[in-house]
Amino acid sequence: MVIIPAVLTKSIIFPGSIIGGFASIASMLVIVIGVSLALGRGFCSWGCFYGGWDDGASRIVKKPKIKKINPVFRWISFAVLLLVALISAASLNPVYCDWLCPFKTVTEFEKVTSVTVLMKTIVFLTLFAALVIILPVLTGKRIQCTTLCPMGALMALTNKINVFDVRIDKEKCSSCEKCIAACPTLSLNKEEMAAGKPSITCMKCGKCIDACSKQAIHYHIKGTPVDKNFSWARNLFLYPAFLLLVIFLGGPMQSGIILIINLIKTGTLIN
Amino acid sequence: MRKILSIPAYLWAVACFLLVPVTFVKNDAFAKQLATLSFMKVHPVYSGGEVNRTYEKDSLLITVNKTVAVTLVGDRKQMVQVSFSKGKQLPGMIDQTIDYDLDGNSDFRVIVNTSNGETNLTPIDQTVKSLWLSSRLKEDWVIRVNLEK
């Protein structure tokens, strides 16, 4: 949402301050660059608190009702990214935040004071219910992350500058396809298994690694041999991933604990 | 050769462990550096545009900016930013008529209650449509008015 308008107008367009204030553009860009370099799209599975909603819902039912989903749906988020960026540039407004973000349902919920706000609220609630709750429960997949989130699509593109990826050892692979079933983002199919790596939409969550009984799938460091030092690659990826999790979510968790303590001590959530 | 190539890859991977805390701990410093890069320019929709005229009236310093197109395509929809300041303390009430296009005729009247932010805009010229924003900005009070040409 920042890059294409920035290229077209040679200036930053976003309803936030460049520095300081809530979610300043410069701070966000620094985080996107830093996290892209460190984890790439691994951010979506190890740091994104919105993705956590989707992930939580996708784990509720052990045996999903809908098992076959066309992997072509994984490219929709890239179309959303392109459309949102172009419309944002044309209207000089953050279209996604204004009209599409399902997580407005759980953050920054606006008081309904006009027909426009009512329409937006209906869109937010519908998308949240459908893509974050109902479809993830029915499919066991992270549907919002896979089919809508433009940030995820952007991270998939910036993932190119990251050193970690996931590889499949074709010699060990028995083609049981448990990894395809386990992948929450439709990033694996038969072609990708044959190619030895998932598509660029892979979030490096590690579910396919856990699902593989032949230990044919593993984290890998680009530029190193594919068939050696699996534990090195795994540890070197997982340590910064957990570190990101702790740093990014430590603050909100601390606030949550303080709220719970307040609730126990005073009977109210308000300080 | 493969071993030699592996060394920078492993070093980069190890550096990622440091990169995560550095990104967050040094975020403010990096953000300030990023924002001051010579090619970083804020779009006038968010900066408010260039200053057109500054004058004093009723002991208020009034700054009227140049109009800014609020869409990328076409310039029919525009906005103008006007700011009011009076040293370190703003008056409780601002009541001014503004000539944003410097044609010698007042274009709108604005009344702002600075204690609660209540703002009333009365269009005089037909290009003036509505109030977009009315807010305190450090020691100034800033309003933005939607225009349609």
Only one of A:A241, A:A156, A:A216 that is under 27 Å from A:L131 (Cα atoms), open to solvent by less than 40 Å² (accessible area, probe 1.4 Å) and away from every other protein chain (no Cβ under 14 Å): A:A156
Hits in segment B:68-109 - residues which are within 14 Å of chain A (Cβ to nearest Cβ) and either among the aliphatic types (A, V, I, L, M) or surrounded by 17 or more Cβ atoms within 10 Å (Cβ to Cβ) (or both): B:V68, B:A69, B:V70, B:L72, B:V73, B:Q78, B:M79
Failed criterion for A:I261 (all others in (1) open to solvent by 60 Å² or more (accessible area, probe 1.4 Å); (2) closer than 18 Å to A:C48 by Cβ hold): (2)
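Would you kindly identify the helices (runs of 4 or more DSSP H) lying entirely within segment A:1-94 that contain at least 1 residues that are farther than 24 Å from B:K77 by Cβ and at pLDDT 90 or above? Walk me through it before giving the result.
On the way: elements: A:3-9, A:25-38, A:42-46, A:49-58, A:76-91.
Once the helices (runs of 4 or more DSSP H) in segment A:1-94 are filtered for at least 1 residues that are farther than 24 Å from B:K77 by Cβ and at pLDDT 90 or above, what remains is A:25-38, A:42-46, A:49-58, A:76-91.
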Matching option when the condition is open to solvent by 40 Å² or more (accessible area, probe 1.4 Å), within 19 Å of B:F17 (Cα to Cα) and either outside any loop (DSSP other than H, G, I, E, B) or touching a residue at least 12 places away in the same chain (Cβ under 8 Å) (or both), among A:G223, A:G250: A:G223
Every residue from segment A:187-201 that is open to solvent by 20 Å² or more (accessible area, probe 1.4 Å) and under 17 Å from A:G152 (Cβ atoms): A:P198, A:I200
Any hit, segment B:9-23, residues being open to solvent by 70 Å² or more (accessible area, probe 1.4 Å) and either among the basic types (K, R) or under 26 Å from the mean Cα position of the chain (by Cα) (or both): no
Test result for A:T121, surrounded by 13 or more Cβ atoms within 10 Å (Cβ to Cβ) and over 21 Å from the mean Cα position of the chain (by Cα): yes
Among the candidates A:L249, A:L244, residue that is touching a Leu at 6+ places or on another chain (Cβ under 7 Å), modelled with pLDDT under 95, aliphatic (A, V, I, L, M) and not assigned by TED's automatic domain parsing to the domain that holds A:K178: A:L244
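Please work out which residue is least open to solvent (accessible area, probe 1.4 Å), limiting yourself to segment B:32-62 and to residues that are touching a residue at least 24 places away in the same chain (Cβ under 8 Å) and not aliphatic (A, V, I, L, M).
Within segment B:32-62, the first condition is being touching a residue at least 24 places away in the same chain (Cβ under 8 Å), and the residues that meet it are B:44-45, B:48-49, B:52-53, B:57-62.
Those left that are additionally not aliphatic (A, V, I, L, M): B:44, B:48-49, B:52-53, B:57-59.
On the way: B:P44: 48, B:G48: 0, B:G49: 23, B:N52: 61, B:R53: 79, B:K57: 75, B:D58: 106, B:S59: 71 Å².
Looking at the filtered set, the residue picked out is B:G48.
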Conditions (1) farther than 28 Å from B:A69 by Cα; (2) aliphatic (A, V, I, L, M); (3) within 14 Å of chain B (Cβ to nearest Cβ); (4) open to solvent by less than 40 Å² (accessible area, probe 1.4 Å): number failed by A:L92: (1)
Restricting segment B:1-36 to residues that are small (G, A, S) and more than 7 Å from chain A (Cβ to nearest Cβ), the residue that is nearest to A:V246 (Cα to Cα): B:A15
Residue that is nearest to the other protein chains (Cβ to nearest Cβ), among those in segment A:32-60 that are aliphatic (A, V, I, L, M) and surrounded by 20 or more Cβ atoms within 10 Å (Cβ to Cβ): A:A38
Segment A:95-122 - residue that is in contact (Cβ under 8 Å) with a residue 12 or more places away in the chain and among the basic types (K, R) and, of those, nearest to the other protein chains (Cβ to nearest Cβ): A:K120
Hits in segment A:95-132 (condition: acidic (D, E), part of a loop (DSSP other than H, G, I, E, B) and touching a helix residue (DSSP H, G or I) at 6+ places or on another chain (Cβ under 8 Å)): A:E110
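The values are calculated or read from the model by the stated rules, or taken from the named source; none is laboratory data. Not measured: the values here are computed from a predicted model. Quick reminder, even Gly has a Cβ in these numbers, built from the backbone with ideal geometry, and neighbours come from all protein chains shown. The accessibility values were calculated without ligands, DNA or RNA, using every heavy atom of the protein model including side chains. Shrake-Rupley method; radii C 1.70, N 1.55, O 1.52, S 1.80 Å.
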